[in-house]
Amino acid sequence: MDIKLICDSLCDIPEEIQKKEYLEVIPLTLIMDGKEYKDGVDITKEEFYDVVLKSGEIPKTSQATYMQFKEAFEAGVKEGKDILCLTGASSATGTFQSAMLAKGDMEEGNIHVFDTENLSLGAGQFVIRACDMLEEGLSVEETVEKLDSLRDSVSILFAPASFDFLKKSGRVPLTTAIIGNMLNIKPIFKMERGKISLVTKVRGIKKLVSKLVELTIENNSESLSDLTVTMGHGCNLDDFEKLKKEVDDKLKDKVKKIMITKGGVCICSHTGPDIIAISYSK
């Protein structure tokens, strides 16, 4: 392939996508206990979950830098490749700006930088779909045009297991967190076009997984067969197995594709590592 695809680690993608030989993932920097780790390089997602659970602290992240993108762009251009770079939402991080600055300083090369306007599994949807398009033989320009047309169909629904990390990050009041944990209330959030909002609350994991799938079907009732679905999880594998069963029961053979990935630093830093999520695009 004469195209190099680049994304940052704000995009949570399945392992089979991350292993594509034409894809490079630019890692963000994670800061915990005064130490710096390159996301996915110096620390795995499983190691990250373990550290966060033991410390109970919200880690800090540092955006991917101008130099990281510049070096990746230069390497691709040197190999004679066109470059498509997908980044996490510019409204939430400076990573998109870093990539744009690097592109601006390139003296040659056909380079396109695309703001997914999303994070985690939502941003990952664009990477998955870009891989499909490039493998179908589309050019960089054609791929960018098609990705842009997907924006209104891309969404991520996610639910933390408890309010603990949302409380620490200041996203919910202390009283709400205490009552929510006591009553086993599960909030469901969505992210679309870079904005996070509360969709609903349910009680218990059984109702949670049912509601996540129900919302996916409701929001795509007229185009279910065109849907690419990604299920995500953190360290809470028992909860994820319940979601997987619900997806298999309600969506298997009814949608175009179902994939699995793990929640990364960008989402788990705010929600905690015990999270389940579902994203889709059409």
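Overview of results
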read-out: Only one of Ser98, Ser90 that is part of a loop (DSSP other than H, G, I, E, B) and either assigned by the TED database to the domain that holds Asp274 or of a type in the set (S, T, N, Q) (or both); value: Ser90
read-out: Flag for Ser221 being over 26 Å from Val25 (Cβ atoms), open to solvent by 70 Å² or more (accessible area, probe 1.4 Å), among the hydroxyl-bearing types (Ser, Thr, Tyr) and not in a helix (DSSP H, G or I); value: yes
read-out: Residue in the range 12-30 that is more than 19 Å from the chain's Cα centre (by Cα), under 29 Å from Lys195 (Cβ atoms) and of a type outside the set (Gly, Ala, Ser) present; value: no
read-out: Filter result for the condition that a residue is within 29 Å of Ile258 (Cβ to Cβ), among the β-branched types (Val, Ile, Thr) and assigned by the TED database to the domain that holds Met100, over Thr65, Thr44, Thr29; value: Thr44
read-out: Qualifying residues in the range 20-34 (those that are of a type in the set (D, E, K, R) and within 24 Å of Ala102 (Cα to Cα)) - the one most open to solvent (accessible area, probe 1.4 Å); value: Glu21
read-out: Qualifying positions in the range 55-69 - open to solvent by less than 50 Å² (accessible area, probe 1.4 Å) and within 16 Å of Ser9 (Cα to Cα); value: Pro59, Ser62, Ala64, Gln68, Phe69
read-out: Lone unmet requirement of (1) surrounded by fewer than 17 Cβ atoms within 10 Å (Cβ to Cβ); (2) modelled with pLDDT of 95 or more for Ile17; value: (1)
read-out: The one condition in (1) touching a helix residue (DSSP H, G or I) at 6+ places or on another chain (Cβ under 6 Å); (2) assigned to a loop (DSSP other than H, G, I, E, B); (3) at pLDDT 90 or above; (4) open to solvent by 10 Å² or more (accessible area, probe 1.4 Å) that His112 fails to fulfil; value: (2)
read-out: Hits in the range 198-208 (condition: surrounded by fewer than 18 Cβ atoms within 10 Å (Cβ to Cβ) and among the β-branched types (Val, Ile, Thr)); value: Val199, Thr200
read-out: Of all residues in the range 117-174 being at pLDDT 90 or above, assigned to a loop (DSSP other than H, G, I, E, B) and not charged (D, E, K, R), the one that is surrounded by the fewest Cβ atoms within 10 Å (Cβ to Cβ); value: Gly137
read-out: Only listed residue being crowded, with 18+ Cβ neighbours inside 10 Å, free of Cβ contacts under 8 Å to residues at least 12 places away in the same chain and either assigned to a loop (DSSP other than H, G, I, E, B) or not aliphatic (A, V, I, L, M) (or both), chosen from Tyr49, Tyr37; value: Tyr37
read-out: Only listed residue being over 16 Å from Lys282 (Cβ atoms), surrounded by fewer than 13 Cβ atoms within 10 Å (Cβ to Cβ) and at pLDDT 95 or above, chosen from Lys211, Lys245, Lys195, Lys250; value: Lys245
read-out: Residue pairs meeting the criteria (Cβ under 6 Å; at least 6 apart or on separate chains; first assigned by the TED database to the domain that holds Gly122 and within 22 Å of Val229 (Cβ to Cβ), in the range 135-152; second of a type in the set (Gly, Ala, Ser) and assigned to a helix (DSSP H, G or I)); value: Thr143/Ala130
read-out: Pair list, Cβ under 8 Å, 6 or more apart: the range 228-247 residue not assigned by the TED database to the domain that holds Pro14, other residue aromatic (Phe, Trp, Tyr); value: Thr228/Tyr280; Val229/Tyr280; Thr230/Tyr280; Met231/Phe240; Gly232/Phe158; His233/Phe240; Gly234/Tyr49; Cys235/Tyr49
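Listed here are the residues, each with its yes/no results for (1) under 16 Å from Pro14 (Cβ atoms); (2) assigned to a loop (DSSP other than H, G, I, E, B).
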site: Val229; (1), (2): yes, no
site: Cys235; (1), (2): no, yes
site: Asp239; (1), (2): no, no
site: Lys242; (1), (2): no, no
site: Asp248; (1), (2): no, no
site: Ile260; (1), (2): yes, no
site: His270; (1), (2): no, no
site: Ile278; (1), (2): yes, no
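The values are calculated or read from the model by the stated rules, or taken from the named source; none is laboratory data. Just so we're clear, the structure is a prediction, and the values are computed from it rather than from any experiment. In this analysis, Cβ positions are derived from the backbone assuming ideal geometry, glycine residues included, and neighbour counts consider all displayed protein chains. Quick note on the areas: whole protein, heavy atoms, side chains included, nothing else; ligands and nucleic acids left out. Shrake-Rupley method; radii C 1.70, N 1.55, O 1.52, S 1.80 Å.
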